[in-house]
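Quick notes on the structure that follows.
The values are calculated or read from the model by the stated rules, or taken from the named source; none is laboratory data. In this text the structure is predicted, and so the values were computed from the model without any measurement. Positions of Cβ are generated from backbone atoms using ideal geometry, with glycine treated the same way; all protein chains shown enter the neighbour counts. The protein model used for the area step is the full one, side chains on, heavy atoms only, and it has no ligands, DNA or RNA in it. Shrake-Rupley method; radii C 1.70, N 1.55, O 1.52, S 1.80 Å.
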Amino acid sequence: MKKLQPLDFIFSAAVLILGIFLTIKNISKKGSVVKVNANGNHYEYSADQDGIYKVEGPLGITTFEIKNSRVRIIDSPCQNKTCINQGWHSPLVCLPNNVIITLEAEGEFDAISE
């Protein structure tokens, strides 16, 4: 059996500190935002505000629900209803009605903006 070296302790401590830091960072994150792109129009909703919302696409109204900082599509005029079957997920996409819904942390950067 191999003895633990001093660098093993330093590495373990660094991993532990990094884990604690990331946990605290995630806990202290600002609220999330639901971003909706519907037929070229952009909307934002607070993920902290539970409710049922509607946006209009070229086929008609897509209805989505925000609850407990999660989002799902509950009704859509598209024929196959695949977007409804996605459940509580992000991103949500209804291609026939040209609606895309994403859940993002406030102030979050994407790969392009960084």
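Details
- Set of lysines with alpha-carbon distance to Lys35 below 28 Å, sequence-local pairs under 8 removed: Lys25, Lys54, Lys67, Lys81
- For Trp88, the shell of other residues with beta-carbons less than 14 Å away shows a net charge of +1, using +1 for Lys and Arg and -1 for Asp and Glu.
- The range 49-108 - percent of accessible surface contributed by carbon and sulfur, probe 1.4 Å: 48 percent
- Cβ-Cβ FRET estimate between Leu59 and Ala105, R0 fixed at 22 Å, reported to 0.05: 0.10
- Given R0 = 35 Å, the distance between the Cβ atoms of His42 and Ile10 translates into a calculated FRET efficiency of 0.15.
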